[in-house]
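Peer 1: Below you will find the structure I want to go over with you.
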Amino acid sequence: MADVAEVTRAAAPGGGAAAGSPAIKTVDLSKSFGHTAAVAGLTMTVPRGEVFGFLGPNGAGKTTSVKLLLGLLKPTSGQAWLLGRPIGDLQTRRRIGYLPELFRYQAWLSAREVLALHCELAPLPRSSWNDEISTALETVGLTDRAGDRVGTFSKGMQQRLGLGAALLGEPELVFLDEPTSALDPVGRHDVRQIIRGLASRGTAVFLNSHLLSEVEQVCDRVAVVDHGRVIASGTMDELLRGTAVRVRVTGLAQADKNKLAGFGKVDDEADQLTFTNLSADRVPDLVSQIVAMGGRVYEVVPRHQTLEDRFLQLLDEEEDK
Amino acid sequence: MPPVLVIARLTIQEAARRRLLLALVVLTLIVVGFSAWGFHKITTVTRSDGSPLPPVEVALLTSQLLIVVTFMYSGVLALSAAVVAGPLISSEVESGLLLSMLARPVRRSEVVIGKWLGLAALVGVYAAGSAFLELVAVDWATGYLPPHPVQLVLYVGSEGLVLLSLGLVLSTRLSGITGGVIALVAWLMGWIGGVVGNIGTGLQNQAVENVGVISHLVLPSDGLWRGAIYAMEPDTLLAALRQAGTVGRANPFSAVDPPSVAYLAWVVVWFGLMLALAIWSFRTREI
C-alpha cells in the first residue's frame, strides 16, 4: 500500500546536482536469492537531513535493502542513488557511515586503532584523525576504553564502537542497522541523542529497526516494508493520523463483538476492545450499540494511534490481501 | 596509505597480535636447535676402522639430511599458508568484519590483493628467516653450505605462496575449514603426483610420467619443491645422479635438473591466474 506521497514511482534519476539530490532514491529496486524475492520493487525517497525509519518484521528485507544500497549486494533489477550518485559508486562511500546489524571489529586492535583504521579507509586527512577519533570515542562513551583491545569489549561496547566508526568524518548519510540491538536502556537513550545530533547538523540517517518506540521517538519519516516492498510510508504525523478507541466492556458474547466490526478493526483482549482508526464522532454510536446489545461499559478511552498500532494494522491489512 | 597496503598491514598485524609469528619463531628455534645437534653428530660418525668420514662424505650426508629437514620446513610453510589463507576472507565475511570495511571506498580487489600481499610478506620473511637460521646452524655444525642458498629460499617461499594463493581463492567462496582442508589435500596430491611422475620416469613410462608433469602444472608446489632440492644438492651428488640415468631421476628427494625457465614463467602466470580468479570470485560474491 503505497499511500503516501514520499513513496514515489518516479522514473527520474536521482542524479543531477548532487547537493540538491535526495539522500537516497530507489526505483523498483529488487533482489532475489534463487526463487526467493528478498526485496521486491522497493521505491522510496529519503530526503537529506532527515531521520528515516525503515521498519518491518523479521525477514521483510530490511538488511538486504541496506546492503543493496551500500553495494554489498547486487540488485537483481531496479535502480538506486545515494547522495545523487548511482549505488556502488566508490567516491560516494567517502560521505557515508555504516553500522552493520552484524557488527564485528578487529578483536586484536584497540578501539582507537579500529577508528584509526576507518579514518584511513574513509579516507580522512591524517591531520584530522586525532580529533575525529577523540570526538567519536566521546560521543559513544568509550573514551576510557580507547586503548583496550576490542576483544575484551562486551557486545554493547562493540556496537558503540561501530557507531563511533560510522560517525567518523561527519558523513552526509549514515546507515544504522539495528543500532541498539545490544544496548541497555541507557545506551539506547544515548543512541537516540546521537541520532538527533546527527539530524541537527544535517546528516540524513537511515535507521533500520524493529524497535518501534525507538523509531517513533527519533524519526521524521518512516517506511514500513513487508515481503521486500514498502507497504506504507510518510512522515510520522501522516502515518499516525488515525485515532484508536479502547472500550472496557463486559457482558458481550463473541457474536455481539463480531457485530461491532462495522466500527473498524477490533482488537479483542479480555474485557478490552480496541477499535483502530475510529473517528471520535462515531464513539457515541459505538457506545449506544454496545449498551443496546446488553454490554456494560466501564471505560471509553480515545487515544492516538502508536506506531506499534499502525505497524500491526498495516501488517494485518497486508496479510488479508 | 592506499587501501591495498592498509589491508596488507592489517593482515601482518593480525598475525603478530594473534601470536602466530611468535609461535612460528619459537618452533623454528627449537627445530634449528635440534637439527644443529643432529648435523653435528654427522661429523662425529666414524668408519668401521675408527677413522672419521672424509669431508666429501660429510657434505653428501649433510646435504641429504638438509633436504629432509627442508622438506619439513616447506611442509610447515605450506600447511601454515593453507591454514591461514583458508579462512582469510571467508571468516571475515561470515563474522561480518568486512561489512563495515567494504562500505568504505575500498575495492574488493584491494582486499584480495592486500591480504595476499600481507600473507606473502609473512611467508617470505618466514622462508628467509628460517632458512638463514638453519643454514647458519648447519654451517656451524658441519661446515657445509648448499650450493644455491638464495634459490633455495626463493623456491621454498614460492611453494608457500602457491598454497597461500590456492587457499585465498578457496577462501572467497568456501568456509575456512573447507578451504584449508582442500588446500592441504591439494598440496599432498601435488606431492604424490610428483612422486608418481618420478616413478614413471624410472619405469620409462610416458603416461605415468605425464601425471607428474600435469600435477606440476596444475599445482606448482611440488615443481618448486624440486627446485629447492636442486638448490641443496652438491655437485658430486648431481654428477652421480646424472650418471645413474633415469634411475637417478626416479627419487622424489632428488632433482637432477633445476626447473626450466618456461616452467618458472608458467608459475608466474599461475600466480596471476590465481589472483585474478580470487578477485573475480570475491567481486561476484554477495555479502
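Peer 1: Below 21 Å, Cα to Cα, which lysines can residue A:31 reach? Residues fewer than 8 away in the same chain don't count.
Peer 2: A:62, A:67, A:74
Peer 1: Determine the percent antiparallel among the DSSP beta bridges restricted to the protein assembly as shown, to the nearest 5.
Peer 2: Counting only bridges with both partners in the protein assembly as shown, antiparallel ones make up about 70 percent.
Peer 1: Whole number please: convex hull volume per residue, Cα atoms of chain A, in Å³.
Peer 2: About 155 Å³ per residue, rounded to a whole number.
Peer 1: Return the percentage of antiparallel bridges among DSSP beta bridges fully within chain A, rounded to the nearest 5 %.
Peer 2: 70 percent
Peer 1: Sticking with this one: Gaussian network model of chain A, Cα springs within a sub-10 Å range: biggest mean-square fluctuation belongs to which of A:269, A:120, A:101?
Peer 2: Of the options given, A:269 has the highest mean-square fluctuation.
Peer 1: Taking each pair of different alpha-carbon atoms in the protein assembly as shown once, compute 1/r for the pair, average those values, and report the inverse of that mean as the Kirkwood hydrodynamic radius in Å to one decimal.
Peer 2: 28.8 Å
Peer 1: Connecting C-alpha atoms closer than 10 Å in a GNM of chain A, tell me which of A:80, A:223, A:253 has the biggest fluctuation.
Peer 2: Residue with maximal mean-square fluctuation among A:80, A:223, A:253: A:253.
Peer 1: Cut-off is 10 Å between beta-carbons; in what order do B:140, B:116, B:225 appear when sorted fewest neighbours first?
Peer 2: B:140, B:116, B:225
Peer 1: Among all the lysines, which ones have a C-alpha under 25 Å from residue A:265's C-alpha, if same-chain residues fewer than 8 places away are not counted?
Peer 2: Filter leaves A:257, A:321.
Peer 1: Still on this structure, please answer the following. Which of A:211, A:187, A:110 sits closest to the plus end of the dipole of the stretch A:18-239, meaning its Cα is farthest towards the positive end, when Lys and Arg get +1 and Asp and Glu get -1 on the C-beta?
Peer 2: Farthest along the dipole direction, towards plus: A:110.
Peer 1: Let me know the charge dipole size of the protein assembly as shown about its Cα centre in debye, to the nearest 20, where only the beta-carbon of Lys, Arg (+1) and Asp, Glu (-1) is charged.
Peer 2: Computed charge dipole of the protein assembly as shown: roughly 740 debye.
Peer 1: Let me spell out the model: positive unit charges on the Cβ of Lys and Arg, negative unit charges on the Cβ of Asp and Glu, origin at the Cα centre of chain B. What dipole size does that give, in debye rounded to 20?
Peer 2: The dipole magnitude comes to about 840 debye.
Peer 1: Suppose a student asked you for the relative contact order of chain B, using Cα pairs under 8 Å spaced at least 6 residues apart; what percent would you report? Walk me through the numbers before you get to the answer.
Peer 2: Details: 381 pairs, mean separation 69.7, N = 287.
It comes to 24 percent, rounded to a whole number.
Peer 1: Size of the stretch B:3-283 along its principal axes in angstrom, Cα-based, largest extent first?
Peer 2: 75, 44, 28
Peer 1: In addition: Can you give me the C-alpha center-to-center distance between the stretch B:210-229 and the stretch B:20-70, rounded to a whole angstrom?
Peer 2: Taking the Cα centre of each part, the stretch B:210-229 and the stretch B:20-70 sit 27 Å apart.
Peer 1: Another question about this same structure. Need the C-alpha centroid separation for the stretch A:121-151 versus the stretch A:21-68, integer Å.
Peer 2: For the stretch A:121-151 versus the stretch A:21-68, the Cα centre distance is 30 Å.
Peer 1: Take each complete run of DSSP H in chain B, measure how far its Cα atoms stretch along the helix's own axis, and keep only those covering 30 Å or more with mean Kyte-Doolittle hydropathy at least 0.5; list them.
Peer 2: B:20-43, B:55-85, B:108-142, B:149-171, B:176-203, B:261-283
A short reminder: the numbers here are calculations on the coordinates, not readings from a lab. The shown structure was predicted, so the numbers you read here are calculated from the model rather than taken from an experiment. Here the Cβ is made from the backbone with ideal geometry for all residues, glycine too, and neighbour counts use every protein chain on show.
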